[in-house]
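J.: Have a look at this one before I ask anything.
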Amino acid sequence: QVQLVESGGGLVQTGGSLALSCAASRSGFTFNTMGWYRQAPGKQRELVATVTSSGTTNYADSVKGRFTISRDNAKNTVYLQMNSLKPEDTAVYYCNARSVIRNIWGQGTQVTVSS
């Protein structure tokens with residue numbers, strides 16, 4: 001059984017930056033797509049950004065130009081650099097990793113942006 005272990009997150013003021021990381025707990029797994037989703041109170045979980053094993057990225061319009069996703073395939077780790085944070089970015093951020101036979105979620109990490 002492989003799990004995703006997230007780190008980062010926390011409290012930051014508007015305009016600040018935070019970095020998230022997420023690593024698979026075991027080696028030997030290959031994930032086609034890794035990414036980040038978020039869920040704010042009272043709202044549905046939404047896509048933030050994804051990156052494929054070949055490096056193709058996809059971003060939600062709301063974070064384009066502010067967030068950068070990257071991954072280290074050798075370490076099965078995905079990163080999310082968040083700059084110019086806004087109060088509306090406040091949410092629980094979830095890591096996701098997908099392959100043909102697996103769709104795994106992390107436990108979530110809180111990001112709070114104060115105004």
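J.: Residue check: is Ser27 open to solvent by 50 Å² or more (accessible area, probe 1.4 Å) and at pLDDT below 95?
T.: So Ser27 fits the description; yes.
J.: Right, another one. Could you count how many residues in the range 1-16 are at pLDDT 95 or above and in a loop (DSSP other than H, G, I, E, B)?
T.: Number of matching residues: 3.
J.: Does the range 88-106 contain any residue that is charged (D, E, K, R) and touching a residue at least 60 places away in the same chain (Cβ under 8 Å)?
T.: Yes, the range 88-106 contains a residue that is charged (D, E, K, R) and touching a residue at least 60 places away in the same chain (Cβ under 8 Å).
J.: Still on this structure, please answer the following. Are there any pairs, at least 6 apart or on different chains, whose C-beta atoms fall under 7 Å, with the first in the range 31-45 and hydrophobic (A, V, I, L, M, F, W, C) and modelled with pLDDT under 95 and the second open to solvent by 40 Å² or more (accessible area, probe 1.4 Å) and not in a loop (DSSP other than H, G, I, E, B), and if so, which?
T.: From residues that are hydrophobic (A, V, I, L, M, F, W, C) and modelled with pLDDT under 95, the pairs are Phe31/Arg98.
J.: Going residue by residue through the range 95-108, is there one that turns out to be open to solvent by 10 Å² or more (accessible area, probe 1.4 Å), in contact with a strand residue (DSSP E or B) (Cβ under 6 Å, 6 or more places away or on another chain) and among the polar types (S, T, N, Q)?
T.: Checked against the condition, which is being open to solvent by 10 Å² or more (accessible area, probe 1.4 Å), in contact with a strand residue (DSSP E or B) (Cβ under 6 Å, 6 or more places away or on another chain) and among the polar types (S, T, N, Q), the range 95-108 yields no hits at all.
J.: Would you pick out the residues in the range 70-94 that are open to solvent by less than 20 Å² (accessible area, probe 1.4 Å), farther than 18 Å from Phe29 by Cα and of a type outside the set (Phe, Trp, Tyr)?
T.: Passing the criteria: Leu80, Met82, Leu85, Asp89, Ala91.
J.: Hey, another quick one. Does at least one position in the range 57-69 carry a residue that is touching a strand residue (DSSP E or B) at 6+ places or on another chain (Cβ under 8 Å), loosely packed, with under 15 Cβ neighbours inside 10 Å and closer than 24 Å to Leu11 by Cβ?
T.: no
The values are calculated or read from the model by the stated rules, or taken from the named source; none is laboratory data. All values derive from a computational prediction rather than experimental measurement. Reconstructed Cβ throughout: ideal geometry from the backbone, glycine too, with neighbour counts over all protein chains shown. The accessibility values were calculated without ligands, DNA or RNA, using every heavy atom of the protein model including side chains. Shrake-Rupley method; radii C 1.70, N 1.55, O 1.52, S 1.80 Å.
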